[in-house]
Amino acid sequence: SDSDSDSDSDSETDSETDTNSDTDTDSETDSETDSDSDPDSSRSVDAPAPADVADSLVGGASTGVFLHAVLEHLDFAGVRRPLEEWRARPEVEGLFRTHARRAGVDEAAVPLAQELIWRALRAPLRFGDARLDEGFAALVGRVAREMSFFFPVPERWHPRLPDPSSDSRDAHDEGPRVERPFTIGRGVIRGVIDLVFEHAGPDGTSRTYFLDWKSDRVATEEGWEALEEKVRTRYALQARLYTLGVVRLLGVHDEADYEARFGGLLYCFLRAMGRGEDARGVVFERPRFDEVVAWERELRESDAPWGYPLLPFERQGGEA
């Protein structure tokens, strides 16, 4: 998301609903997400920063905006250099100081932020069967930062993802490949994803992943299980809507296509990434295709999906 709340209460929801014309799901702050896979995480290498760097950097929404802006524009490959050499480069120094000023962050925080991001981007990553042994610094292939998406709130008359658990279709279901235009009923869902990237796993298949940077404060003793619980309780809605958005962008039309092309989603806690052998800063999730189908069905059939009210079809002028 574009900005995180770094206080202990952490992020608010990313999801805004505007059911008069569109349903916005912008990643300005954070939502909730669900996590039930077995992710792995990142650890520090090559002269890691002291454990208190993450704690010394001030928290708050301004710091989240600052860090996100830097990550939007930073050359990740540059952090392969030693820390002092990298931070001394004029383009690095200028980038950090410019975005600190814009976010209203004291420039005294710049060295701490530099070290935090340097460490996080170098931390080895494993997510599902895939891995980046040199962290995001070694990321190659297609990458999109701050990628916007939008898709119509699913309606009963819209094309839908096929349900692998059922061969039946109701009268409104024309399958996933409807060619004719269809009307938008309750609006659209919009979002901005921090990073979308392609990466090949051990089988050589390149899949699409998306991630959300988190600048939340993370206690030194918090392990991966605590971060997983934080993701599950705070960001479930965001994960569901963003997964549906990426699946729609990819044009996924069945379970086989999903398995071949969608890799999953990562929640990257910058303050924990690479912070010692036991610190785990990345929570990875790859929902099953039937779960994604169920999320779409919830949006399509409910007037208050996951407790977020949407206006009824009749008040939008859609087809009932």
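The values are calculated or read from the model by the stated rules, or taken from the named source; none is laboratory data. What you see is a predicted model; the values in this text were computed from it and never measured. Ideal geometry is used to build each Cβ from the backbone, glycine not excepted, and the neighbour counts take in all protein chains shown.
List of remarks:
- Condition check for R101: modelled with pLDDT of 95 or more and either in contact with a Ser or Thr (Cβ under 8 Å, 6 or more places away or on another chain) or surrounded by fewer than 20 Cβ atoms within 10 Å (Cβ to Cβ) (or both): yes
- Any chance G264 is in contact with a Ser or Thr (Cβ under 9 Å, 6 or more places away or on another chain) and at pLDDT 95 or above: yes
- The range 66-121, residues that are within 25 Å of the chain's Cα centre (by Cα), among the aliphatic types (A, V, I, L, M) and over 14 Å from R271 (Cβ atoms): A69, V70, L74, A77, V79, V92, L95, A100, A103, V105, V110
- Complete set of residues in the range 99-142 that are part of a loop (DSSP other than H, G, I, E, B), under 16 Å from F76 (Cβ atoms) and not hydrophobic (A, V, I, L, M, F, W, C): P124, D133, E134, G141, R142
- Lone unmet requirement of (1) closer than 26 Å to V283 by Cα; (2) surrounded by fewer than 17 Cβ atoms within 10 Å (Cβ to Cβ) for R122: (2)
- Meets criteria (acidic (D, E), surrounded by fewer than 20 Cβ atoms within 10 Å (Cβ to Cβ) and in a helix (DSSP H, G or I)) for E146: no
- Being crowded, with 19+ Cβ neighbours inside 10 Å, among the charged types (D, E, K, R) and modelled with pLDDT under 90 is a description that does not apply to R207.
- For the range 181-205, the set of residues classified as in contact with a helix residue (DSSP H, G or I) (Cβ under 8 Å, 6 or more places away or on another chain), small (G, A, S) and within 25 Å of A260 (Cα to Cα) consists of G191 only.
- Only one of V218, V231, V188 that is at pLDDT below 95, over 16 Å from F289 (Cα atoms), of a type in the set (A, V, I, L, M, F, W, C) and touching a Pro at 6+ places or on another chain (Cβ under 8 Å): V188
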